[in-house]
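The values are calculated or read from the model by the stated rules, or taken from the named source; none is laboratory data. The shown structure was predicted, so the numbers you read here are calculated from the model rather than taken from an experiment. Here Cβ is always computed from backbone atoms with ideal geometry, including for glycine, and neighbour counts include all displayed protein chains. All accessible areas refer to the heavy atoms of the entire protein, side chains included, with ligands and DNA or RNA removed. Shrake-Rupley method; radii C 1.70, N 1.55, O 1.52, S 1.80 Å.
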Amino acid sequence: MMKKISVLALAGMLALPAVALAGGGTSTPVDMEKKIEELSRQLDELRAAMAAQAEQNKALVETVEALDENVESLDDRSEDWDLASRFKLYGDFRARGDFYNAESVFGRNIDNDTILTNRLRLNMRVKATENVEFKGRLAMYKTWGNQSAFTDESGAMWPAFDGNVTRSPIGSSALYVDRAFVNWNNIGGVPMWFSIGRRPTTDGPPAQIRMGVDERQATPMAFMDWPFDGLSLGYAWNWGVDPLGSSRVRFCYGRGFEAGLEDDVTSSLNDMDFAGLSWDIMKKGDRFAYFQSFMAFDVINYPNFQDPIINSAFGDMSGMGERNNLGDIWHTAAVYQDKIAGLNYFVSGGYSQTQPDSAGMFNDPFSMTGPNTDEEDGYSLYLGVRYDVKPAGLKFGAEFNYGSQYWLAMAPGHDEIYQSKLATRGQVYEIYTIWDLPTGEALSKYAKTFMRLGYQHYEYDYAGSGDWNLAAYDLGDAGDTAKLQMMGLDPVESADQVYLTFEAYF
């Protein structure tokens, strides 16, 4: 279009002199010369304008080509962004300080005025397909000033092994795999799922109430606080009655100890396995009822420790001898929790039974009849309340738990600094407060920032809490304490602990 206009304009200007002459005007040669000069000037301006337009057209073409390339690049990037958006990354950090003071059976004072710890956990969640999802968590947990185990004069702490490696601050600042499992959901179009990997088996209900996170953190009830690898197969349904809400049941299997490759002549060690049933009886809002029952098969006298020196010498150091299987342990527990206005409450109980083989459990070295092959029954009661004052961002809680002489909690992954609260053979009293910090608007749906201050008082009635090897000696019986003294054992009889945490979930 521009070229047509330019040609017509040029033709018109060239025709002007002829038109002027044909009109018989009075123009002189000087006038004609001026007109020709003016036409030449206009022609130069037109050529310059056409050249500028050509440059603009060239620049426009280059811009369009660049835009086309950018669109293709954006298409590629959008695919990458879509892939990246499948990954959900979140986590939490906790700084904790503890004061601990204990009195032993024979009058020793065991004290740590301050022990400071850092815990970092990074969670990930991603779908591989519509119905297959991966969940994982890496964890670092260590004391300030140490990259290895700290001193424990109580003699009750286990060195690092598979059941406590991310749960006890006795290691380095390395990140370990705390959880890693894949869920296959909606199998066959029905509410059934299969899950396999490093299981979510720590901080189970009702622990979330005391920990201030409120959402359920694990499958089993808190009496089973043991990280392990395994699988589960579950089915979910609604009761069809509104007050009962939903329900789900799972068959669970896991391995607590791998015996390794052995021959059938010199070796007789078996794997230690867990298998049982986990049932969310009903879940409706804050109301939750849960039941679990499982068997620990071929339990071992002590696990495989992370430190090779400790591992090789532990049998001699502990007096337990070579690593050995001792029999089975049956474990059952239940919990009911609810909330009325600002009052959270729960009641739970547990039952354990040892089923030893010829090696015995709860053995007394002074017994004239050899290993104890009797089935010993234990039980525990656990109660708690927490009142929330939302306008002030404050929560006040209290808990009590009791364990009988032969009570066994499967809880090496407990969240206490020294000894498992819920494994105690005796009673533990605890009060605590949680302050939701006024740190501004939450930038993530996972965001929580709070401080937790608590006090615990332990009273042990029997020795060996959490252990199935040695007899549960009565700490109030002179004959039993004499046996402890002859073996060089001086267990904790009472303890007080104060803790303060600063926690951020992001």
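Side notes on the structure shown:
- Filtered residue count, segment 304-320, keeping only those that are out of contact with any helix residue (DSSP H, G or I) (no Cβ under 9 Å at 6 or more places or on another chain) and in a loop (DSSP other than H, G, I, E, B): 3
- Of all residues in segment 182-197, those that are surrounded by fewer than 16 Cβ atoms within 10 Å (Cβ to Cβ) have Cβ atoms under 7 Å from Cβ atoms of residues that are assigned to a loop (DSSP other than H, G, I, E, B) and of a type in the set (S, T, N, Q), 6 or more apart or on another chain, in 186/131.
- Only residues that are open to solvent by 40 Å² or more (accessible area, probe 1.4 Å), within 22 Å of residue 224 (Cβ to Cβ) and of a type outside the set (Asp, Glu) were counted in segment 355-406, giving 8.
- Given (1) part of a strand (DSSP E or B); (2) open to solvent by 30 Å² or more (accessible area, probe 1.4 Å), number of the condition residue 323 does not satisfy: (1)
- Among the residues of this structure, residue 492 does not count as one that is at pLDDT 95 or above, crowded, with 22+ Cβ neighbours inside 10 Å and touching a His at 6+ places or on another chain (Cβ under 8 Å).
- Restricting attention to segment 428-474, the residues that are on the phi > 0 side of the Ramachandran plot and either aliphatic (A, V, I, L, M) or within 27 Å of the chain's Cα centre (by Cα) (or both) add up to 2.
- Pairs, first closer than 18 Å to residue 470 by Cα in segment 372-397, second surrounded by fewer than 17 Cβ atoms within 10 Å (Cβ to Cβ) and charged (D, E, K, R), C-beta under 9 Å, six or more apart: 373/357
- Scanning segment 149-156 turns up at least one residue that is without any contact (Cβ under 8 Å) to a residue 12 or more places away in the chain, open to solvent by 30 Å² or more (accessible area, probe 1.4 Å), of a type in the set (Val, Ile, Thr) and out of contact with any Phe, Trp or Tyr (no Cβ under 7 Å at 6 or more places or on another chain).
- Residues that are over 38 Å from the mean Cα position of the chain (by Cα) and surrounded by 15 or more Cβ atoms within 10 Å (Cβ to Cβ) within segment 475-485 comprise 480, 481, 483, 484, listed in sequence order.
- Residue among 505, 418 that alone is open to solvent by less than 40 Å² (accessible area, probe 1.4 Å), in contact with a Lys or Arg (Cβ under 6 Å, 6 or more places away or on another chain) and either among the aromatic types (Phe, Trp, Tyr) or at pLDDT below 95 (or both): 505
- Residue in segment 121-143 that is surrounded by fewer than 16 Cβ atoms within 10 Å (Cβ to Cβ) and closer than 30 Å to residue 437 by Cα present: yes
- Qualifying residue in segment 296-305 (condition: touching a residue at least 60 places away in the same chain (Cβ under 8 Å) and open to solvent by 70 Å² or more (accessible area, probe 1.4 Å)): yes
- Every pair of residues 6+ apart whose Cβ atoms lie under 9 Å, when the first sits in segment 220-238 and is under 9 Å from residue 199 (Cβ atoms) and in contact (Cβ under 8 Å) with a residue 24 or more places away in the chain while the second is part of a strand (DSSP E or B) and acidic (Asp, Glu): 227/178; 230/273
- Which listed residue, of 72, 65, 79, is open to solvent by 80 Å² or more (accessible area, probe 1.4 Å), assigned to a helix (DSSP H, G or I) and modelled with pLDDT under 65: 72
- Residue that is most open to solvent (accessible area, probe 1.4 Å) [pool: residues in segment 430-472 that are of a type in the set (Phe, Trp, Tyr) and assigned to a loop (DSSP other than H, G, I, E, B)]: 446
- Figure legend. Inter-residue proximity from segment 416-440: first residues more than 27 Å from residue 350 (Cβ to Cβ) and of a type in the set (D, E, K, R), second residues loosely packed, with under 15 Cβ neighbours inside 10 Å and modelled with pLDDT of 95 or more, beta-carbon distance below 8 Å, spacing 6+ or different chains. Indicated pairs: 436/393; 436/394.
- Candidate set from segment 326-368 (those that are closer than 20 Å to residue 403 by Cβ and assigned to a loop (DSSP other than H, G, I, E, B)); member that is farthest from the chain's Cα centre (by Cα): 364
- Being touching a strand residue (DSSP E or B) at 6+ places or on another chain (Cβ under 6 Å) and in a strand (DSSP E or B) is a condition met by at least one residue of segment 208-224.
- Any pair with Cβ under 9 angstrom, 6 or more apart, that starts in segment 338-367 at a residue that is in contact (Cβ under 8 Å) with a residue 60 or more places away in the chain and ends at one that is open to solvent by 60 Å² or more (accessible area, probe 1.4 Å) and among the hydroxyl-bearing types (Ser, Thr, Tyr): 344/387; 346/336; 348/336; 350/379; 361/373
- Any hit, segment 370-383, residues being in a strand (DSSP E or B), closer than 27 Å to residue 212 by Cα, in contact with an Asp or Glu (Cβ under 9 Å, 6 or more places away or on another chain) and modelled with pLDDT of 95 or more: yes
- All told, residue 404 meets the bar of being of a type in the set (S, T, N, Q) and more than 25 Å from residue 451 (Cα to Cα).
- Every condition in (1) aliphatic (A, V, I, L, M); (2) in contact with an Asp or Glu (Cβ under 7 Å, 6 or more places away or on another chain); (3) without any contact (Cβ under 8 Å) to a residue 24 or more places away in the chain holds for residue 241 except the one numbered (2).
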